[in-house]
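Q: Got a structure for you, questions after.
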Amino acid sequence: MLLTLIVAGLAFSTPREIAFSRLLPAAPALAAAMWPVLPTILLGAFCLLVMISLSFFYTDLGTPYTAAAIIAVTLAAAYTSHVRLQREETLFHVRLVADAAQQVLLRPLPRRIANVEIESLYLAAQEQARIGGDFYEAVDTPHGVRLLIGDVRGKGLPAVGAAAAVISCFREAAHDESELRGVIHRLETSITRHSAAYPAQDLPERFATAVVAEIPPGGGHVKILNCGHPPPLLVHRGEIRVLEPSAPSAPLHLAALIGELYSVDTVAVDAGDQLLFYTDGVSETRDRSGEFFPLPDWMRMQGQTLPRELLDRLHRDLLHYSGGRLDDDVAALAVRCGNPDARPDA
């Protein structure tokens, strides 16, 4: 509308040799990118009336040609607007389905399970993405609070399908299996069956790294089984520990090649200690010079911080460090052990 009024005003106030009226067909063309069909047609009709009005003042403006152009452009713009609206509706429904899938795959975690406080973070590398190959889960079981975080190699629907298979299996196995090795064995079987059911050219390379952890009801320690995943960080008595596994364990779907030798580590924790589980999208975020994000050093500067605030800071600093663009999906879990009424020191 603003463009139409400006062009009409210039057309009436300037000599006919300049012929600003020839710009009138641009208005309905631009309207098609933002307006529905009927307003686009009405704008074209208004432009046509402006052109007809100009013909009463300037008889040699080539009114028939410009009027024909306005009509042709308006009809084309109306059709373009109709197609755009159909595609927007289709995209809206696709996003609804993607959001529903996201809620199933990465459902919102409870903020507290027993005496364990849990917060989660998920950032997609692609701006319009809703789901990806990174995954996490936390469940309350008779054996304690059990946690899972992992990353499926690859992107797209194959990675999402494999992640869904692992998470679904974990939700059942975490309750059924008394040992973390049994949980991992079930996850290994699940991803192997999924890969066999949906074969692909990169089948031998389709695997997932993962960490499963268990915090018993009484607290005091945490058990960790790391299958080729970046090691969690522990804030214990003000010190940062990188919880490297004592012995390597095979990533999921590679046990047949490397062997099913799973090592479980037990780490002492106190009330108020905090654990950070993350995927390689965090530790491998790069700045413009190609340097990796210094996660342990960053963690040391955070002090005693509530899990939600810690992940909010991590979100903000990752985006700042990478210049606003992430090269990989990011998933993280911040877990705080201890008394539910405990609060971090000032």
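Q: Would you confirm whether any residue within the stretch 186-193 is in a loop (DSSP other than H, G, I, E, B) and either of a type outside the set (Phe, Trp, Tyr) or in contact with a helix residue (DSSP H, G or I) (Cβ under 6 Å, 6 or more places away or on another chain) (or both)?
A: First, pick out the residues of the stretch 186-193 that are in a loop (DSSP other than H, G, I, E, B): none.
Looking for residues that are in a loop (DSSP other than H, G, I, E, B) and either of a type outside the set (Phe, Trp, Tyr) or in contact with a helix residue (DSSP H, G or I) (Cβ under 6 Å, 6 or more places away or on another chain) (or both), one finds none in the stretch 186-193, hence no.
Q: Condition first: within 21 Å of residue 79 (Cβ to Cβ), surrounded by fewer than 16 Cβ atoms within 10 Å (Cβ to Cβ) and either among the aromatic types (Phe, Trp, Tyr) or in contact with a Leu (Cβ under 8 Å, 6 or more places away or on another chain) (or both). Now tell me which residues in the stretch 31-68 satisfy that.
A: Of everything in the stretch 31-68, just one residue is within 21 Å of residue 79 (Cβ to Cβ), surrounded by fewer than 16 Cβ atoms within 10 Å (Cβ to Cβ) and either among the aromatic types (Phe, Trp, Tyr) or in contact with a Leu (Cβ under 8 Å, 6 or more places away or on another chain) (or both), namely 36.
Q: At least 2 residues that are touching a His at 6+ places or on another chain (Cβ under 6 Å), surrounded by fewer than 18 Cβ atoms within 10 Å (Cβ to Cβ) and modelled with pLDDT of 90 or more in each: list the strands (runs of 3 or more DSSP E) lying fully within the stretch 225-315 that qualify. I'd like the intermediate steps shown before the answer.
A: Details: elements: 233-236, 239-242, 264-268, 274-278.
So the answer is 264-268.
Q: Given (1) of a type outside the set (Ser, Thr, Tyr); (2) in contact with a helix residue (DSSP H, G or I) (Cβ under 6 Å, 6 or more places away or on another chain); (3) at pLDDT 90 or above; (4) in a helix (DSSP H, G or I), where does residue 139 come up short, assuming only one miss?
A: (4)
Q: Please find, within the stretch 88-131, the residue that is modelled with the highest pLDDT out of those that are in a loop (DSSP other than H, G, I, E, B) and among the charged types (D, E, K, R). Full working, then the answer.
A: Step one: of the stretch 88-131, the residues in a loop (DSSP other than H, G, I, E, B) are 106-111, 114-115, 124-131.
Among the residues that remain, those that are also among the charged types (D, E, K, R) are: 107, 111, 127, 130.
Numbers: 107: 81, 111: 91, 127: 56, 130: 59.
Checked the stretch 88-131; the qualifying residue modelled with the highest pLDDT is 111.
Q: Also, quick follow-up: Answer yes or no: is there a residue in the stretch 116-130 that is loosely packed, with under 15 Cβ neighbours inside 10 Å and among the β-branched types (Val, Ile, Thr).
A: no
The values are calculated or read from the model by the stated rules, or taken from the named source; none is laboratory data. On a predicted model such as this, the values are computed, not experimentally measured, just so you know. All Cβ positions, even for glycine, are placed from backbone atoms using ideal geometry, and neighbour counts span all protein chains on display.
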